[in-house]
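The values are calculated or read from the model by the stated rules, or taken from the named source; none is laboratory data. For clarity, every value in this text was computed on a predicted model and none was experimentally measured. Counting neighbours? That spans all protein chains shown, and the Cβs are built from the backbone with ideal geometry, glycine included.
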Amino acid sequence: MTVTGEQAALVERARAGDAEAFTELVNESRDLLWSVCLRVTADPLDAEDALQDALIAAWQNIHKFRGNAKFSTWCYRIASNAAIAVCRKRRSVPVDAADVAGLLISADETGQVDDRDLVTAALREVREDFREALVLREYGDLTYAEIAEHQGVGVQTVKSRINRARSQLSEAVRRATG
């Protein structure tokens, strides 16, 4: 999807230095950007740092936005990269999040915390590039093409990574449950 209409006008104003236009563009997807940062970093303080880094990067690089995707998709990629960068800086927590477990298993409101913990631990065993593709697909709801662009690989590679991530996750859960 390309940018059209009102959003295109806001992008042009933001490119010209209009901070209010940029704020309006970002406000449309701020909750999603925050969620991505939180899920990738698994820490509210790190997520805040990542979100701030992402917003600064988006503002500084708005001139690079080509408009051949939605603005929110472009920002989502920046936020995802910023969150991964924060994780890599601190390296004490792998690039996955406890909340990602909830996307991959159904847990009711009464809480299947043990299952979430199990899946979270299993996700740590999944290779990082596979895990990232799976998280972007399952949580971020990105298309295979968008994930391919984000990871700098082909669509078939993305499909393979997601399939392998699911297999590795399933095997890790099986090992953990005996």
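Looking across D31, D18, D43, one residue alone is more than 24 Å from Y144 (Cα to Cα), at pLDDT 85 or above, not assigned by TED's automatic domain parsing to the domain that holds F130 and not aliphatic (A, V, I, L, M). It is D18.
Listed by first and then second residue, the pairs linking a residue in the stretch 48-76 that is farther than 13 Å from E146 by Cβ to a residue that is among the hydroxyl-bearing types (S, T, Y) and surrounded by fewer than 17 Cβ atoms within 10 Å (Cβ to Cβ), with Cβ atoms under 7 Å apart and 6 or more places separating them unless they lie on different chains, are G67/T2. For first residues located in the stretch 142-170 and among the acidic types (D, E), partners that are modelled with pLDDT under 90 and lie 6+ apart or on another chain with Cβ distances below 7 Å form the pairs E146/T73. Residues in the stretch 1-15 that are over 17 Å from L142 (Cβ atoms) and of a type outside the set (A, V, I, L, M, F, W, C) were compared, and the one that is modelled with the lowest pLDDT is T4.
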